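Student: Just dropping this structure here.
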């Protein structure tokens with residue numbers, strides 16, 4: 001019951017909040033996608049944080065993604 | 001200080017640090033979204049969430065101090081996104097990891113803890129944080145829904161296992177760290193209970209939500225089954 005309620009409250013409620021306002025356009029999406037990844041300061045993982053970065057296979061590949069530790 | 005008090009203090013100190021990091025992350029994401037989605041309501045929610053998280057950090061630090069544990073140290077705004085992603089995809093990745101997964105899991109944890117007999121001072125903090133975390137989870141689903149409405153977001157599916165691997169603490173799988181039920185009075189889930197809540201929230205909330213919005217859950221389900229079989 002808790003989980004069904006959470007789905008409605010968070011997922012469906014959130015989707016409603018997101019799509020109630022005017023939408024982004026595919027054109028805006030394309031313009032943003034055209035920016036090169038190197039243009040931003042992403043992917044670094046300074047020490048001392050709780051977030052953890054690792055690649056999809058659990059190894060040390062350069063293109064690593066991570067997650068955010070919570071409660 | 002007994003073992004339960006120490007474990008509770010460490011858990012609340014850790015949460016204080018998590019909340020401070022969330023504040024930094026939300027402020028940064030709020031500044032990034034208008035570049036490609038100026039009509040989005042999500043940046044305003046993220047800015048408010050950043051302020052909420054600072055307040056939560058103080059509440060958590062206060063509890064950790066009451067258990068005799070220092071406040072959790074400084075926080076770092078850790079970038080978690082793969083380098084190969086462009087700016088818009090990177091924002092989406094981070095919002096899904098931080099909100100759709102982590103904040104959603106936090107709401108489930110808080111709801112579970114509030115169903116237990118926590119000490120009054122702990123219950124007061126849990127209740128205040130839970131109220132805000134619902135909004136924090138929602139804003140992730142709001143952003144994903146907006147993006148899914150205008151473009152293909154299926155690329156995320158392959159990355160969800162990385163997000164999950166970075167979300168769980170060492171030791172949660174396969175058995176979960178043991179812990180006395182007495183921890184519940186102090187607002188902390190014993191390991192096996194934490195694992196159960198984590199997996200059920202994924203199975204019944206997060207993954208169905210991702211699928212509903214165009215992100216296959218198959219890689220994530222494979223990741224989970226490898227760890228609980």
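Every number in this text was worked out from the coordinates using simple rules, so none of it is lab data. What you see is a predicted model; the values in this text were computed from it and never measured. Using ideal geometry, Cβ is built from the backbone for each residue, glycine included, and neighbour counts are taken over all protein chains shown.
Student: Measure nothing but the geometry: give the 0 to 90° angle between the long axis through the Cα atoms of B:218-228 and the longest principal axis through the Cα atoms of chain B, rounded to 10°.
Tutor: With rounding to tens, the tilt is 20 degrees.
Student: Measure nothing but the geometry: give the 0 to 90° angle between the long axis through the Cα atoms of B:120-150 and the longest principal axis through the Cα atoms of chain B, rounded to 10°.
Tutor: Approximately 10 degrees, to the nearest 10.
Student: May I ask you to list the residues of segment B:23-53 whose amide nitrogen lies under 13 Å from a point 7 Å from Cα along the Cα→beta-carbon direction of residue B:149?
Tutor: B:37-42
Student: With axes computed from alpha carbons, what is the tilt in degrees of helix B:3-32 against the longest principal axis of chain B, rounded to the nearest 10 within 0 to 90?
Tutor: Compared with the principal axis, the helix lies near 20 degrees.
Student: Another question about this same structure. For residue B:225 paired with residue B:124, estimate the spin-label separation in nm (one decimal), with each label point 7 Å from Cα along the Cα-to-Cβ line.
Tutor: 4.8
Student: Over chain B, calculate the relative contact order: mean separation of alpha carbon pairs under 8 Å at least 6 apart, over the residue count, as a percent.
Tutor: Answer for chain B is 22 percent.
Student: With a Förster radius of 22 Å, plug the Cβ-Cβ distance of residue B:131 and residue A:16 into 1/(1 + (r/R0)^6) and report the FRET value to the nearest 0.05.
Tutor: Using R0 = 22 Å, I get an efficiency of 0.70.
Student: Residue B:10 to residue B:181: extension gain in nm, 0.36 nm per residue of separation minus the Cα-Cα distance?
Tutor: Full-extension gain reported as 59.9 nm.
Student: To continue, here is another question. How far apart, in nm, are two points set 7 Å out from the Cα along the Cα-to-Cβ line at residue B:31 and at residue B:169?
Tutor: In this crude label model, residue B:31 to residue B:169 measures out at 3.2 nm.
Student: I want to check the label-to-label distance for residue B:84 and residue B:203. Put each point 7 Å from Cα in the C-beta direction and report it in nm to one decimal.
Tutor: The two pseudo-label positions are separated by 3.1 nm.
Student: Could you compute how fast segment B:3-228 diffuses translationally, taking Rh as the Kirkwood radius over C-alpha pairs and applying Stokes-Einstein at 10 °C with viscosity 1.306 mPa s? Give it in µm² per second.
Tutor: Answer from the Stokes-Einstein relation: 88 µm²/s.
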